[in-house]
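Q: Take a look at this one; I'll ask things after.
The values are calculated or read from the model by the stated rules, or taken from the named source; none is laboratory data. Note that the coordinates shown come from a computational prediction; the quantities given were computed from them, not determined experimentally. Because the Cβ atoms are built from the backbone with ideal geometry, glycine has one as well, and the counts that use them run over all protein chains shown.
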Amino acid sequence: MKDFVLHQLRCFDAVIRTGSFQAAADTLNRTHPSVYSATKMLERQVGVALFDRSGYRVALTEAGRAFHSRVQGVLNESAALNTFAAQLAAEEETVLSLVIGDVSPIPDTLGLLKAFFERHPNTRLDLHFEALAGPLDRLLNGQADIIIHHVDRSDMRLEFIALHSVRIIPVVAPGFLDFAIDDKITPEKLRGFPQCIIRDTAIHLPAQDYYIVDGAHHWTVGDQMTKKEVILQGMGWGHLPDFLIRRELGNGRLLPITGRYFQGGVVEIAAVRLRKKSHGPVANRLWRHLKEARVADGSVGS
């Protein structure tokens, strides 16, 4: 059996979609005889009748319906391959690597990315989640085009678009402490209680520590959701981003212990990329998309 050619498959598909050989010929800008000949040749190669020609309109046989489902897959792959080749010729990226940091509001962040990648379906999103210095580590080592995280805004290697402000709150589960909660809790009073902290995922940069009580026993976890659950279960205390615990603070399942010594803080989440790197067309479009999204939301990017 000879290999099928795309012309035959396109003619076959067009006849089915338009309902006649003449309409298919018009759609493909071909002659009626050429379309008819291509489909007859296809039937001979397959070895079974694909069309039922007994009625007024061309219809598919049972074998024809089964064969057409496979043909559609081949034609879709062919179209995707053509688009991919055009992207390569235009030097457009086929993959963008992004990293979301551990205290970034994931629903809001993914919403921004979804709106962009729906308009760029031929550029694949390679998405990673990292903690503490992990996002910056990937960016500086060429493993990410853009990160969404909090970083030092005085770092002249980087440029930023402000996205979110996140408050970090120290919390405990009710009954975890054996003394009353007030705004004068000291690190010394908490030293005897396990503190839950996030494991830094950076490989090349020094590990970062935030809000660590020296001398305390530490539970180390890999992500904020696990950390939240450890604290909810009364296995430790720790600092969590406000967007993750609003419901639990509201219903009393978690209690804030903010005060003179445990003030928490506010971190600014930004889209970050290397300032002097040569960015591709799709990466630049994504950068503009993030800027425009923040302006539309009333925020000011930098």
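Q: From (1) of a type outside the set (Val, Ile, Thr); (2) part of a loop (DSSP other than H, G, I, E, B); (3) over 22 Å from Ile148 (Cβ atoms), pick out the condition that doesn't hold for His279.
A: (3)
Yes/no matrix, rows are residues, columns are (1) charged (D, E, K, R); (2) in the same structural domain as Glu248 (by TED's automatic domain parsing); (3) modelled with pLDDT of 95 or more:
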position	(1), (2), (3)
Gln195	no, yes, yes
Tyr210	no, yes, no
Val213	no, yes, no
Trp219	no, yes, no
Lys227	yes, yes, yes
Val230	no, yes, yes
Gln233	no, yes, yes
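Q: So, in the stretch 74-103, how many residues would count as being modelled with pLDDT of 85 or more and within 22 Å of Glu118 (Cβ to Cβ)?
A: The first filter runs over the stretch 74-103 and keeps only residues modelled with pLDDT of 85 or more, leaving 74, 95-103.
This time we only want the ones that are within 22 Å of Glu118 (Cβ to Cβ), so: 95-100.
Of the residues in the stretch 74-103, 6 are modelled with pLDDT of 85 or more and within 22 Å of Glu118 (Cβ to Cβ).
Q: Take the stretch 123-155 and flag every residue that is under 16 Å from the mean Cα position of the chain (by Cα), in a loop (DSSP other than H, G, I, E, B) and β-branched (Val, Ile, Thr).
A: Selection gives Thr123 alone.
Q: Please specify each residue of the stretch 53-73 satisfying the condition of being of a type in the set (D, E, K, R) and modelled with pLDDT under 85. Working first, answer last.
A: Filtering the stretch 53-73 down to residues of a type in the set (D, E, K, R) leaves 53, 57, 62, 65, 70.
Of everything in the stretch 53-73, those that are of a type in the set (D, E, K, R) and modelled with pLDDT under 85 turn out to be Arg53, Arg57.
Q: Continuing with the same structure: Any chance you could count how many residues in the stretch 1-33 are hydroxyl-bearing (Ser, Thr, Tyr) and modelled with pLDDT of 90 or more?
A: The first filter runs over the stretch 1-33 and keeps only residues hydroxyl-bearing (Ser, Thr, Tyr), leaving 18, 20, 27, 31.
Subset that is modelled with pLDDT of 90 or more: 31.
So the answer is 1.
Q: Now for a different question. Cβ-Cβ under 7 Å, sequence separation 6+ or interchain: first residue in the stretch 3-19 and small (Gly, Ala, Ser), partner surrounded by 15 or more Cβ atoms within 10 Å (Cβ to Cβ) and not in a helix (DSSP H, G or I). Which pairs?
A: Short answer, once both residue conditions are applied: Gly19/Val58.
Q: While we're here: Filter the stretch 222-233 for residues that are within 18 Å of His128 (Cβ to Cβ) and not hydroxyl-bearing (Ser, Thr, Tyr) and give the result.
A: Residues of the stretch 222-233 within 18 Å of His128 (Cβ to Cβ): 222-226.
Within the stretch 222-233, Gly222, Asp223, Gln224, Met225 qualify.
Q: From Leu240, Leu249, Leu232, Leu205, grab the single residue that is farther than 20 Å from His150 by Cα, touching a residue at least 60 places away in the same chain (Cβ under 8 Å) and not hydroxyl-bearing (Ser, Thr, Tyr).
A: Numbers: Leu240 fails: farther than 20 Å from His150 by Cα; Leu232 fails: touching a residue at least 60 places away in the same chain (Cβ under 8 Å); Leu205 fails: farther than 20 Å from His150 by Cα.
Leu249 is the lone residue from the list that is farther than 20 Å from His150 by Cα, touching a residue at least 60 places away in the same chain (Cβ under 8 Å) and not hydroxyl-bearing (Ser, Thr, Tyr).
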